[in-house]
């Protein structure tokens with residue numbers, strides 16, 4: 001009887017180990033998704049992945065902060081379209097709906113709102129910078 005109980009416990013431990021191993025494998029596949037081309041699917045990504053997006057040919061970088069914040073420092077070649085400005089929708093309407101856009105703000109909150117609004121306006125090829133310009137480790141220009 002005791003050997004049967006030990007055998008059952010070993011089986012439960014083995015089953016738990018299998019579940020744990022598959023959970024860890026699933027987690028590591030999430031990291032694997034960080035390789036390959038950046039997906040312009042409306043998600044927010046790390047600064048490293050955002051830098052890859054910015055470096056992709058044809059990508060337009062959009063800073064959705066206020067013009068004052070933009071003047072204090074922005075990514076090179078970024079276009080300023082203030083998400084809180086009254087002209088945001090009309091400026092988004094001038095964008096190519098088939099284009100790819102790297103969108104950022106100060107902390108990541110306004111870029112999420114901007115990406116949602118852009119998608120509602122038919123511009124879906126976007127990626128955001130998680131943590132905003134505060135997380136950016138690359139070049140910043142002023143003016």
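Here, each number is a calculation from the coordinates, and none is a lab measurement. Because the structure is predicted, anything quoted here is derived from the model rather than measured.
Rounded, prolate or oblate: which fits the range 81-124, taking a ≥ b ≥ c as square roots of the Cα gyration tensor eigenvalues, rounded meaning a/c under 1.5, else prolate when a/b beats b/c? The shape class here is oblate. Based on Cα contacts under 8 Å between residues 6+ apart, the range 44-135 shows a relative contact order of 34 percent.
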